[in-house]
Amino acid sequence: MFLSGRGEVPLPFFVIGICFWAQTYAEGAWGTAHRSWDMKALRTFMMAVDKTNIFIGKLMVGVTLLAVTVITFEVAMRYLLKAPTNWGHEFMTLLFAIFYVAAGGYAHYYRAHVRVDVFYATRSQRTRAILDLITSVPFFLFSIVLFYTSWQFYWSSQTMEAGAQVLGIPIPGERSFTDWGPAYYPIKFMMPFGALMLILQGIVWFIRDVHMVATGRKLS
Amino acid sequence: MSIETITITMFGSMMLLLMMGLPVAFSCGTVGVVFTALLQGPMAVSIVPTRIFGLMTNYLLAAIPLFIFMACILERGGLIADIYEMVYQWFGGLKGGVATASVMACTMMAAMVGVIGASEVTMGVIALPEMLKRRYDKFIATGSILAGGTLGILIPPSVMLIVYGMVDNSSIGQLYAGAFLPGLLLAGLYIVYISIRCYINPIMGPPIPKEERLPLSTRVKLMFPLLPAGILVFLVLGTIWLGIAAPTEAAGVGAFGAIIITFIQGKLKWKGIVEACENTLKSSAMVLWTMFGANIFVAFYIMVGGGAFVTQLLVGSGLDRWVILWIMQLILIFLGAFIDWVGIIMLCVPLFGPIIRKLGFDPIWFGVLFAVNLQMSFLTPPFGYALFYLKGVAPKEVTTTDIWKGAAAFLGLQFVGLVLCMVFPEIIMAVPRLFYRG
């Protein structure tokens, strides 16, 4: 199912990519042939992912403030001026849709997703890293399924003929059925994007955990 | 596969993943996805983004980040500290006064925020060292902050009740109205307990000495800066209860008002707003992603007949309806010790909701009872949020054991509160009847 249909990124590339990084890293950490450019590339990749997720977090400051302003404006128009807008509620809801999706990778960078700390929290750092490596199998399973299915979900929305026109030229893309009728596909695009950021952040943690298990030290 | 096998393997594998430290969102999500693929074919997995998109674009759920944001802004603006300072000056002279003041400050704060972290952390930083300095009993000191801070999730505006109302399809306004008196009842129980202990044995909580108390005029002056925030809260809750505004609208205006108030009072800088937004992002992720994962899990479980199975198991047992209600409460207490509240609501409400209606209980009453019960989950080790929050900020001389022991007595009080709400349903239903007649 993952390899059919159009507009998809082939799954094997992902698997190979993850294996490549893990293998490259393992050579760097344990191998006799320590090649510094491998490490450098790896560090650059990890830094890039971390910084991207932090940057997305900063972008969400604007989204939050915009959403708060929009809903307040809508309430003022509705209850004070008796002239409700037809876009206020939907606009705010869609802003928060982006917000939630962006929060996935961001929270994973801070390891803020809720865990059950019954057994896990009391282990040593190294044991925790081993547990993380084991549970990274279901983690990647879930996040990759999320990525692929939401990519299909987005793509079918992107290519849908909804009859919208700009200057007489028909443009594809699903629209909301409300009066305002905003395009849905940019919001739906955020889903595979968010899943991708989650996967990338997961890979970064995976590398850190491998380092912890191999050396017993944190990777700076 | 029979439904019994599915139940055992699904919940078993989820528990296993949870114990190994995989976040709740991904544990539930993975198990849901794998079982869907195994039992209904890989194509069925494509339902996942549809479900998540439904939650993402849910208008009611937008109230969650808005209320969290409002709490973060008020916290950055130092409002909790101000409230504590005010109550402390007014009630510090009583025996056990600082602990009483902590509970009162937490209760007032709970009427402004919908989560527990903000009060728990701030009070742990301000009130706990204060009580230790005055040689308060350690267990009273930690317990009062733990229990008081937990009220944040019960007293409206409560994020927990938004999630409950969304999942159960019941009115959030009515749930809010219902949670009001139980919240005050619990706060009252805590204060009475602290006072009784400290009057019997004044060493446990000495009053602050006379020379440290401020004159009446100064005490009154302390109240003025809090007025705007107080009015804001009345506006937010009042409009929800009277059914004028939807919870989302009230939350949005509340957040906007909180920014304006703290900004005008000069307590909030741009940096504070950025930090508040980032904390909101993290806290919302904790709630929303857990909902995403748990929704995939439970939707599949109900689709293969899990709901009917659980109903059959409980209702078909021929037990008295009150016994069934008690079984549910015990299940919730047990789960509360291990899983966080979002997971519990997402997993249990779709299963319990239909049973409650079948047994003829009031869904609003049960919803509030659910929330009162889940309050205990914050204090039940090994997985109690409040315990972690307080441990994170407590001074070094307070050990984890102190915090656990401090929680024990107040956990007992919460249980008493739960039983009272069950025996006297009017405690919950009085306010909703007042606002929503007929």
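Only the coordinates and a few stated rules stand behind these numbers; no lab work does. What you are looking at is a predicted structure, and each value in this text was computed from that prediction instead of being measured. In this analysis, Cβ positions are derived from the backbone assuming ideal geometry, glycine residues included, and neighbour counts consider all displayed protein chains.
How large, in Å, is chain B by the Kirkwood hydrodynamic radius built from its alpha-carbon pairs?
Roughly 22.5 Å, rounded to one decimal.
What list do you get for B:E211, B:E4, A:E174, B:E275 if you sort them by fewest beta carbons within 10 Å?
Ranking B:E211, B:E4, A:E174, B:E275 by Cβ neighbours within 10 Å, fewest first, gives B:E211, B:E4, B:E275, A:E174.
Arrange the peptides A:49-58, A:101-110 so that the one whose residues have, on average, the most other Cβ atoms within 10 Å appears first.
A:101-110, A:49-58
Under the rule of at least 5 residues apart or a separate chain, name every residue whose amide H is placed under 5 Å from the amide H of A:R175.
A:Y184
Roughly how far apart, in whole Å, are the Cα centres of the range B:318-347 and the range A:56-71?
37
Only helical DSSP H runs with n ≥ 4 go in: add -39500 (n - 2.57) per run for the protein assembly as shown, normalise by residue count and round the 222 nm mean residue ellipticity to 500 deg cm²/dmol. Don't jump to the answer; show the numbers that get you there.
Working: 26 runs with 478 residues, N = 658.
Value at 222 nm, helices only, nearest 500: -24500 deg cm²/dmol.
With a 10 Å radius around each residue's Cβ, average the other Cβ atoms per peptide and rank B:346-359, B:422-435, B:111-124, highest first.
Working: B:346-359: 19.7, B:422-435: 16.7, B:111-124: 25.6.
By packing density, highest mean first, the sequence is B:111-124, B:346-359, B:422-435.
Under 17 Å Cα to Cα from A:K58, which aspartates and glutamates show up? Leave out anything in the same chain fewer than 8 places away.
The reachable aspartates and glutamates, counting only those whose Cα sits under 17 Å from A:K58, are A:D50, B:E275, B:E278.
Using the count of nearby Cβ atoms within 10 Å as a rough guide to exposure, how do B:I126, B:I191, A:I71 rank from fewest to most?
Final ranking by Cβ density, sparse to dense: B:I126, B:I191, A:I71.
With everything on Cα atoms, drop me the angle between helix B:341-358 and the longest principal axis of chain B, reported from 0 to 90° to the nearest 10.
Approximately 60 degrees, to the nearest ten.
From the alpha carbon gyration tensor of the range B:261-331, can you work out the equivalent ellipsoid semi-axes (sqrt of 5 times each eigenvalue) and give them in Å, largest to smallest?
Value: 45, 18, 7 Å, ordered largest first.
Across peptide B:60-70, what mean number of C-beta atoms from other chains lies inside 10 Å of a residue's C-beta?
4
Top mean-square fluctuation among B:A276, B:A44, B:A408, Gaussian network model of chain B, C-alpha springs under 10 Å?
B:A44
Give me the distance in nm between label points sitting 7 Å out from Cα along the Cα-to-Cβ direction at B:S317 and B:I331, one decimal.
Label-label distance for B:S317 and B:I331, simple model: 0.9 nm.
Taking beta carbons within 10 Å but only from partner chains, what does the mean come to for residues A:147-153?
On the way: counts 1, 4, 8, 6, 1, 2, 7.
Average per residue, whole number: 4.
Count the lysine pairs in chain B whose Cα atoms lie under 18 Å apart, taking only pairs 8 or more positions apart in sequence or on different chains.
So the count works out to 13.
Take every residue in peptide B:25-36, count the Cβ atoms of other chains within 10 Å of its Cβ, and give the average of those counts.
5
Give the separation of the Cα centroids, the range B:166-239 to the range A:83-119, in Å.
31
Compute from the Cα atoms of the range B:46-126 the Rg and the Dmax, the latter being the longest Cα-Cα distance, and quote both in angstrom.
Answer for the range B:46-126, Rg first and Dmax second: 17.6, 63 Å.
For the range A:132-172, which chymotrypsin sites (Phe, Trp or Tyr not before Pro) are in a loop by DSSP, counting at most 11 other Cβ atoms within 10 Å?
Counting only loop positions with at most 11 other Cβ atoms within 10 Å, none of the chymotrypsin sites (Phe, Trp or Tyr not before Pro) in the range A:132-172 qualifies.
Taking the highest mean first, how do the peptides B:7-13, B:338-344, A:184-190, B:370-376 order by number of other beta carbon atoms within 10 angstrom per residue?
B:370-376, B:338-344, A:184-190, B:7-13
So for the range A:85-220, Kirkwood radius off the Cα pairs, Stokes-Einstein at 10 °C and 1.306 mPa s: how many µm² s⁻¹? List each step's numbers first, then the result.
Working: Rh = 17.5 Å.
Diffusion coefficient, whole number: 91 µm²/s.
Pull up the cross-link candidates among the lysines for A:K40, meaning alpha carbon to alpha carbon under 25 Å and not fewer than 8 places away within one chain.
Answer for A:K40, where 25 Å is the Cα cut-off: A:K51, A:K218, listed by chain and number.
May I have the pair-distance distribution P(r) for the protein assembly as shown, computed from all Cα-Cα distances with 10 Å bins from 0 and rounded to whole percent?
3, 15, 24, 26, 19, 9, 3, 0, 0
Considering only C-alpha atoms, what is the centroid distance from the range B:52-97 to the range B:242-256, in Å?
One Cα centre to the other: 15 Å.
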